[in-house]
Amino acid sequence: MRPRPVTAAQAAAELTKRPGQPRAVGTIYSWATRYNVRRWANDQVTLYDYNDLATIDGCIRRGEPVPATPDERDQLREQLRTRWAA
């Protein structure tokens, strides 16, 4: 799956059920650092891989350990897609 670049605010809005939750953007920054989320930066903005962030969110919500690397999270997404397709 191709990366889907989004800003921290966009990711927070999509991953948070309640709009405007005060700590949502901070959570995205925290995850980006803690889990080494794929990111791209230029002088004006940093973009994060939404697919990677969504996988982290899903693991946390399900109470599962978060895979340590983006590649491992890619593998988890592929495994889940295969399981759901069967």
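Using a probe of 1.4 angstrom and keeping all protein chains present, the accessible surface of the chain works out to 68 square angstrom per residue. Based on DSSP H segments of at least four residues, each scored -39500 (n - 2.57), the chain has a per-residue ellipticity at 222 nm of -17500 deg cm²/dmol. Taking amide H as placed 1.01 Å from N in the peptide plane, the amide H of Thr46 sits under 5 Å from none that are at least 5 places away or on another chain.
Relative to its residue count, segment 1-77 spans a Cα convex hull of 92 Å³ per residue. Straightening the chain between Arg2 and Arg61 buys 18.9 nm, computed as 0.36 nm per residue apart minus the Cα-Cα spacing.
What FRET efficiency, computed as 1/(1 + (r/R0)^6) with R0 = 25 Å and r the Cβ-Cβ distance, is obtained for Asp43 and Glu14, rounded to the nearest 0.05?
Taking R0 as 25 Å, the efficiency between Asp43 and Glu14 is 0.50.
Taking all Cα pairs closer than 8 Å and separated by 6 or more residues, the relative contact order of the chain comes to 29 percent. Could you look at the chain and say what percent of its accessible area is carbon and sulfur, using a 1.4 Å probe and all protein chains? Taking all protein chains in place, the chain shows 51 percent carbon and sulfur surface.
Here the chain is treated with +1 on each Lys and Arg Cβ and -1 on each Asp and Glu Cβ, and its dipole about the Cα centre works out to around 300 debye.
The amide H of Arg38, built 1.01 Å from its N in the peptide plane, has Asp49 as neighbours under 5 Å, considering only residues 5 or more places off or on other chains.
The values are calculated or read from the model by the stated rules, or taken from the named source; none is laboratory data. Small disclaimer: the values here were computed from a predicted structure and weren't measured. For neighbour counting, all protein chains shown are included, and Cβ atoms are generated from backbone atoms with ideal geometry for every residue, glycine included. Accessible surface areas use protein heavy atoms only, side chains included; no ligands, DNA or RNA. Shrake-Rupley method; radii C 1.70, N 1.55, O 1.52, S 1.80 Å.
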